[in-house]
Amino acid sequence: MNETVKTGAIAIAEVEAQVTSHEMVKDLIRTVSSLEQEKVLAVRTVAQHDEYNNTYLNIKATLKLIKQIREEIVAPFNKQVKCVNAYFKKLTVKLSPKATELERVLLKWRRDQEEKERERLRKLKEEQDKQQADYEREAEMAAGKGEEPPPPPPKVVLIKPRMPNVQAGSKGASHSYTDWEVTVLDMKALAKAAAEGKVPVTVLDYKLKPLKDLAKAGIELPGCKVEEVQKLKGRTS
């Protein structure tokens, strides 16, 4: 393609030029220009009232005409936008379930790895405790015999190697994060809590973000089921 990439300003100027060249828009521009020059003073006479009333109705009619002409010009573009969105939605629908499936198995593997690491550390701690107990018993027996105690077992610092939540890939990186899912089970209980000032009244808008923010802050949400979940997000390069 040899088309020149246009900046936003150039594209907007070209669209405005196309719109203003429309015959109905030309008449509209003249009408708007005339009406905006009208001076408004305090009404003192019946004649002035009637004149202002006519001007007011003229402006309202012009505003209605502006809307009609705009919709007429925009209609074909909106149809194109709908067609483009519908086409790309077909493509999105094909891949979104696959991304969800991959997210599920990736998160499960990461959770499993963390669980294996916790189990490894538990066994290591258990072995260290056993060695310490054996040492203390032998040291006590040696002290009873007047002998030198055996050397203590080596101390191993248990440092849990955190599994990086960012995993690089050929197209960028994915990272897991903690999120909260809130399901309203009893709206009356939630509304009662809002009325009593226990939670902000904004929760009654039933928007997810305010509820999630409160759940994240550890605030109890009566009538709601709150679950801490792990999610995956990808950033492509």
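Taken together, the values in this text are just the output of simple stated rules run on the coordinates, not laboratory data. Here the structure is a predicted model, which is why all the values come from computation and not from measurement. Here the Cβ positions follow ideal geometry from the backbone for every residue, glycine too, while neighbour counts run over all protein chains shown.
Table for the structure above
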| read-out | value |
| --- | --- |
| Local electrostatic count at Val32 - Lys and Arg +1, Asp and Glu -1, tallied over other residues with Cβ under 14 Å | +3 |
| Summed residue charge, Cβ within 13 Å of Phe88's Cβ, Lys/Arg positive, Asp/Glu negative | +4 |
| Chain lengthening between Leu65 and Glu23 when straightened (0.36 nm per residue, less Cα-Cα) | 13.8 nm |
| Violating pairs (Cα-Cα greater than 30 angstrom) within the set Lys108/Lys130; Lys90/Lys116; Lys89/Lys209 | Lys108/Lys130; Lys90/Lys116 |
| Virtual paramagnetic centre 7 Å along Cα→Cβ of Glu38, amide N under 16 Å, in region 49-75 | 49-66 |
| FRET efficiency for Ala47 and Glu14, using Cβ-Cβ distance with R0 set to 35 Å, rounded to 0.05 | 0.15 |
| Leu106-Asp213 FRET efficiency (beta carbon distance; Förster radius 35 Å; 0.05 resolution) | 0.85 |
| Too-long pairs where the Cα-Cα distance tops 19 Å, listed order kept, from Lys192/Lys225; Lys98/Lys212; Lys198/Lys225 | Lys98/Lys212 |
| Cut-off 9 Å between beta-carbons: net charge of the residues surrounding Val182, Lys and Arg +1, Asp and Glu -1 | 0 |
| In nm, spacing of pseudo-spin labels at Glu117 and Ala139 (7 Å Cα→C-beta vector) | 3.2 nm |
| Qualifying aspartates and glutamates (Cα of each under 13 Å from Cα of Lys64; at least 8 residues distant if same chain) | Glu72 |
| Phi to ³J(HN,Hα) by Karplus 6.51 cos²θ - 1.76 cosθ + 1.60 over region 133-141, Hz, x for Gly, Pro | 5, 4, 5, 4, 5, 5, 5, 5, 5 |
| FRET efficiency, Val93 to Val184 (Cβ-Cβ, R0 30 Å, nearest 0.05) | 0.60 |
